[in-house]
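K.L.:
Questions regarding the structure given below will be posed in turn.
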Amino acid sequence: MIITRAGIEDLPRLMRFRTDTAAWLATLGSDQWSTSFPGDHIARSIEAGEVFVVRETPTADLAATITLDTAADPLLWTPEERKVGSLYVHKLTIDRQHAGVNLGARLLNWAGDQAFHRGAKWLRLDAWTSNVRLHQYYVEQGFTHIRTVLDPEVGGSGWVAQRPAALADHGFVGLADTSSLSVDRLPVSGA
């Protein structure tokens, strides 16, 4: 499998990832991602070079996506935590046709490897507050739960966790250039 930066032409497929995943999660009894999500938000992340996509071949449909950035949400992370170089995982999504083959773990390892190479101390993420199965998955992937923020402003995704940035064997080829994610340019405000 190869990983590359997403292009704006991937936006419709990335939006479909979200709706397809929300529908699948609903069958499991979860309301995660049940509200609409603005496509312009994802488009801005694509334009910033923060969205990455995985394909089996250069012309295949997307198998997965991950957004990796330096934006620490000040509602989730303390001022002290935001001062520590970290990369943040968002919108990690696997197409159901590629589920069950460890692709999510490989993407987290890739993200941790990128964080390490960018000089970050931590790979961090937030997860849907009520999705206990997802919390357990992240713990199994080496993340430590830091806190759960119940503020309605976080939009339902207030379970926060981190694991150390580390070199990792992830098995992806055609790796995307992530040099724009330099942690020495971290915004202290998280904005």
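The values are calculated or read from the model by the stated rules, or taken from the named source; none is laboratory data. Bear in mind that the values here come from a model prediction, so they are computed numbers and not experimental data. Cβ coordinates were reconstructed from backbone atoms using ideal geometry, including for glycine residues, and neighbour counts include every protein chain displayed.
K.L.:
Tell me which residues, restricted to the stretch 80-110, are in a loop (DSSP other than H, G, I, E, B) and touching a residue at least 12 places away in the same chain (Cβ under 8 Å). Break it down into steps so the answer makes sense when it comes.
P.N.:
First pass over the stretch 80-110, keeping only residues in a loop (DSSP other than H, G, I, E, B): 83-85, 95, 99-102.
The answer is Lys83, Val84, Gly85, Asp95.
K.L.:
Taking the stretch 96-122 as the region of interest, how many residues are surrounded by fewer than 23 Cβ atoms within 10 Å (Cβ to Cβ) and of a type in the set (Gly, Ala, Ser)?
P.N.:
Qualifying residue count, the stretch 96-122: 5.
K.L.:
Taking only the stretch 111-140 into account, find how many residues are within 22 Å of Ala22 (Cβ to Cβ), among the polar types (S, T, N, Q) and touching a residue at least 12 places away in the same chain (Cβ under 8 Å).
P.N.:
Here the count works out to 3.
K.L.:
Within the stretch 176-188, is even one residue among the charged types (D, E, K, R), outside any loop (DSSP other than H, G, I, E, B) and at pLDDT 90 or above?
P.N.:
no
K.L.:
A further question on this structure: Determine whether Ala72 is assigned to a strand (DSSP E or B) and either out of contact with any Phe, Trp or Tyr (no Cβ under 7 Å at 6 or more places or on another chain) or closer than 26 Å to His117 by Cβ (or both).
P.N.:
Details: assigned to a strand (DSSP E or B): no; either out of contact with any Phe, Trp or Tyr (no Cβ under 7 Å at 6 or more places or on another chain) or closer than 26 Å to His117 by Cβ (or both): yes.
It is false that Ala72 is assigned to a strand (DSSP E or B) and either out of contact with any Phe, Trp or Tyr (no Cβ under 7 Å at 6 or more places or on another chain) or closer than 26 Å to His117 by Cβ (or both).
K.L.:
Something else about it: What residue, among those in the stretch 4-21 that are within 14 Å of the chain's Cα centre (by Cα) and of a type in the set (A, V, I, L, M, F, W, C), is farthest from Ile42 (Cα to Cα)?
P.N.:
If we take residues in the stretch 4-21 being within 14 Å of the chain's Cα centre (by Cα) and of a type in the set (A, V, I, L, M, F, W, C), then Phe17 is farthest from Ile42 (Cα to Cα).
K.L.:
Let me ask another. If we keep just the residues of the stretch 132-175 that are among the hydroxyl-bearing types (Ser, Thr, Tyr) and under 30 Å from Gly7 (Cβ atoms), which is modelled with the lowest pLDDT?
P.N.:
Checking each candidate, the answer is Ser157.
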